[in-house]
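Just so it is clear, none of the values below were taken in a lab; they were calculated from the coordinates. Nothing here was measured: the structure is a model prediction, and the numbers come from that model. Because the Cβ atoms are built from the backbone with ideal geometry, glycine has one as well, and the counts that use them run over all protein chains shown.
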Amino acid sequence: MSKCPVCAESFRKNDLESLAKHLQMTNERNDAAHVGWLREYIPMDNYNGGAFSTALADFFALPDGDLKSWIEKRFIDRFLGDTPHPFIEAMQKPKKSLFLGFAAEYFFYMKQRIKSCSYIIARTDKYDVQRYEAQIVMPELQDVDGKDRSQRELMLRMCESLGVSRDLIVNGAPLPPTIHSIKMWNQISESDHWLEAMGAINTLDLLHSRVLKERGAKYDLYHKGVLDNEWIPDQVKVFLQYIVDPKNDRTAEGLDLMAKHAKELNMVEEVQSTFLRSADAFDRHLQARLTRSKQFEGK
């Protein structure tokens, strides 16, 4: 692994032994970030001796050499598996305050998503990648058929239908976990290889992809019965339906492009590492959505 999936310390390619020693050393020092990563991904009974290197190799091994399937599996295990992320669990029976907390933090994530995708376009000469990223960015920056149907606009209309002005969302400030995550995504997009930026930002759209149910996910972003609740305004339902609409789901194409170019450029390890760092940042951002929802309780 050429980079630590926690702190991005660099190692030689295919030097799994050095990565293992690094993770064991940081674990022994009780470094919080590394300890948390290990507890998340590697069973504790494998932390010593050769078993650790073997467990680490098994974790990073690609099923049939398929980077796409590896990313999907890791994403499902982290967010949509038997024990879903608390935000996903809350979205199965959401309250008004949860929708508002969702919007208040997600607004800033979407701003960074546009920047990250634009960085990728600027930093690669691969036309297929530029075209893919442009198809993500442009709907957020222009009207569609004379009507603004961007996620941003639909989300702000959702907030208004719930009694909160768009100015409160737009002129607000994200919580520290989201600030920290955005800073990391921006740094990767600005300074690291464009393919690592894809691994960091484009993979996160998997949260909205219904295709993952076919890959073993136990949960969708929200339970489909939510749309039947009479207390939920129509603008909320429009937003929820839009973000999971298969017509708007481009994650499979993005993963295919990542796998293709990672193989061509011999950068599979870099994409794996950066994806894992981004997944940790995304976890914190989703937690921030929950925290922010508490500020809207009773409003």
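Quick notes on this structure:
- Spacing of the two label points (7 Å from each Cα toward its C-beta) at Ala134 and Glu28, in nm: 5.3
- Rounded to 0.05, the FRET efficiency of the Asp64 and Lys13 pair, given R0 = 25 Å and the Cβ-Cβ distance, is 0.75.
- Calculated on the Cα set of region 198-250, radius of gyration then Dmax: 12.4, 39 Å.
- When Cys7, Cys159 are sorted by how many other C-beta atoms sit within 10 angstrom of their C-beta, beginning with the fewest, the order is Cys7, Cys159.
- Potential lengthening between Glu230 and Asn248 on full extension [0.36 nm per residue; Cα-Cα distance subtracted]: 3.9 nm
- Once the Cα-Cα distance is subtracted from the 0.36 nm per residue extended length, the Arg210 to Val170 segment shows a gain of 11.5 nm.
- FRET E, pair Tyr127, Asn266, Förster distance 22 Å, beta-carbon r, rounded to 0.05: 0.60
- For Lys224, Lys21, order by how many other beta-carbon atoms lie within 10 Å, fewest first: Lys224, Lys21
- Relative to one another, the C-alpha centroids of region 238-299 and region 59-86 are positioned 13 Å apart.
- With respect to the chain, whose longest principal axis is taken over its alpha-carbon atoms, helix 268-295 is tilted by about 40°.
- Debye, to nearest 20: dipole size of region 1-61, +1 on Lys, Arg Cβ, -1 on Asp, Glu Cβ: 180
- Remark: Thr274, Thr251, Thr54 ranked as Thr54, Thr251, Thr274, counting other beta-carbon atoms within 10 Å and listing the fewest first.
- Overall, the chain carries a charge dipole of about 640 debye about its Cα centre when +1 sits on the Cβ of Lys and Arg and -1 on the Cβ of Asp and Glu, all other atoms neutral.
- Listed residues Ile71, Ala61, Ile136: farthest to the positive end of the dipole of region 27-180 (Cβ charges): Ile136
- Distance (nanometres) between label positions extended 7 Å along Cα→Cβ at Ala51 and Glu153: 5.8
- Normalised alpha carbon radius of gyration of the chain [divisor 2.2 N^0.38 Å]: 1.02
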